[in-house]
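Engineer: Mind looking over this structure? Questions follow.
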Amino acid sequence: MTDGPVVLVTGTSSGIGAHAAAQFARSGARVVATVRDTTRADTVRRLAGPAADRLDVRALDVTDEHGAAELVQAIEADHGGIDVLVNNAGRGSVATLEQLSTADLRDQLDVNYLAVAALTRLVLPGMRRRGSGRIVTVTSVGGVVGQPFADAYCGAKFAVEGLMQSLAPVVARFGITVSVVEPAAVASDFVANAVGLPGAGPTDASPMPADLPADYHPLLAAYLSRSAAAFAAAQAPEDAAAVVVEASTTTTPRFRWQTGTAARAFAGLSLADLDGDRVLGATRGWLTAD
């Protein structure tokens, strides 16, 4: 078995992470695929098929900085270093600020921002010494367009995009490229795992959260109806994962990648919106029932 680049991918039990790890393995990379619970690694192994022997599945809770440090040390000892880091693990939240406690806000920052910063910081010294490396962070179109009832989630994703955009020109001096990948709606377990709603994640039939004042109920109902329609036409996770792999391996890297036409159009609302009117003009309409 020939040696390929060593790729560390977080959050590989399902969705984009599982497909990306499998695609890397099938392309010849040596893939360290992390999951919180190693008994949930069947999906990524199945997707990798005959290349499953290129997967090194390891346990990691990305919010455990000590565990992350031990993991990076072990990978460097076992594989000689990390060539590509894919920060994929994340968690959603559906709630407006009046519902959110400081602990709720910290939870989103811990998973979607601070954990990404910590793991990136851990791999940078080895990449800098070798004079090469790729850091690819799966953010969201919610990292460029603030969305109703995604206050904590979008806040954390905006933060991680700012972090990565600030880091990129500095580490480029050491041969390290930094990119963000911005999916729109993707068919995965992400919706079901979003916190803030009773039941199995945001759909147009979700009951109202007990802590949400009645004034907000029609607004949330309209938003959930719109979200249900978006996820009904969601992108396949393997297609989004292919963009992650491309961003990690291309010979012409760039900072920002969207995973498809819908994501490009949506992110474009904000990236060319100098006064903010385009974004607010679009998102205000999400709160009105059709």
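The values are calculated or read from the model by the stated rules, or taken from the named source; none is laboratory data. Fair warning: this is a prediction, and the values are worked out from it, not measured in the lab. With ideal geometry, Cβ positions are generated from the backbone for all residues, glycine too; neighbour counts draw on all protein chains shown.
Engineer: Quick check, is Val44 assigned to a helix (DSSP H, G or I) and either closer than 17 Å to Val86 by Cβ or among the aliphatic types (A, V, I, L, M) (or both)?
Structural biologist: Here the answer is yes, as Val44 does meet what is asked.
Engineer: Moving to a separate point now. Looking at Val84, Val123, Val111, which is the one that is farther than 19 Å from Asp3 by Cβ, touching a helix residue (DSSP H, G or I) at 6+ places or on another chain (Cβ under 8 Å) and surrounded by 21 or more Cβ atoms within 10 Å (Cβ to Cβ)?
Structural biologist: Going through Val84, Val123, Val111 in turn, just one is farther than 19 Å from Asp3 by Cβ, touching a helix residue (DSSP H, G or I) at 6+ places or on another chain (Cβ under 8 Å) and surrounded by 21 or more Cβ atoms within 10 Å (Cβ to Cβ): Val111.
Engineer: How many of the residues making up the stretch 24-60 are in contact (Cβ under 8 Å) with a residue 12 or more places away in the chain, among the hydroxyl-bearing types (Ser, Thr, Tyr) and within 11 Å of Ser13 (Cβ to Cβ)?
Structural biologist: Here the count works out to 3.
Engineer: Regarding Gly67, is this residue modelled with pLDDT of 95 or more and part of a helix (DSSP H, G or I)?
Structural biologist: Yes; evaluated as a whole, the condition is true for this residue.
Engineer: Still on this structure: Six or more apart or on different chains, Cβ under 9 Å: which pairs go from a residue in the stretch 267-279 that's within 15 Å of Cys154 (Cβ to Cβ) and touching a residue at least 24 places away in the same chain (Cβ under 8 Å) to one that's among the aliphatic types (A, V, I, L, M) and surrounded by fewer than 16 Cβ atoms within 10 Å (Cβ to Cβ)? Could you list them?
Structural biologist: Sorted first by the residue in the stretch 267-279, then by its partner, the pairs are Leu269/Ala282.
Engineer: Next up: Yes or no: Asp61 under 20 Å from the mean Cα position of the chain (by Cα), of a type in the set (Asp, Glu) and either crowded, with 20+ Cβ neighbours inside 10 Å or over 30 Å from Asp215 (Cβ atoms) (or both)?
Structural biologist: Taking the combined requirement at face value, the residue satisfies it.
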